[in-house]
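Note sheet for the following structure.
The values are calculated or read from the model by the stated rules, or taken from the named source; none is laboratory data. Remember, it's a predicted structure, so these values are computed and weren't measured experimentally. With ideal geometry, Cβ positions are generated from the backbone for all residues, glycine too; neighbour counts draw on all protein chains shown.
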Amino acid sequence: MSADKKAPPIGGSLYTHFGWNAPFLFCISLCCVDLVARLFVIEQRDLPKYGLESIKDQEAREAGVEAEVEEEVEELSLFGVIKALGSNRRGMTGVLMTAIFGLVDGALDPTYANSSIT
């Protein structure tokens, strides 16, 4: 069941029982929980800073193979960042998803106003 099927009953119930600002406070609390959860995520490249090993390093140590040493990260200019995003699958996926969501929302925006009038 997707979010667009769950949100109206939840929002309606909150509005009915707690008032008009309850759905907004609920969303703010969900965003705060999401923020705290994201703060606890440690990127793979930052693990050595905290004295932790990645799973890849653990498997290599158990197999008796030395892990590869990562290279220093260089600073990129604005055009370097754009070039890096264009050559990275994750970066292009983010750009493509943003463009698709923008196009769909822009196409449906006029229909939202018309459906509420009738």
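Confirm whether L52 is modelled with pLDDT of 75 or more, of a type outside the set (S, T, N, Q) and either under 24 Å from K6 (Cα atoms) or in the same structural domain as I10 (by TED's automatic domain parsing) (or both). So L52 does not fit the description; no.
Just checking: which of the helices (runs of 4 or more DSSP H) contained wholly in the stretch 9-97 hold 3 or more residues that are surrounded by 12 or more Cβ atoms within 10 Å (Cβ to Cβ) and in contact with a Phe, Trp or Tyr (Cβ under 9 Å, 6 or more places away or on another chain)?
Details: elements: 22-39, 55-63, 78-87.
Fully inside the stretch 9-97 and qualifying: 22-39.
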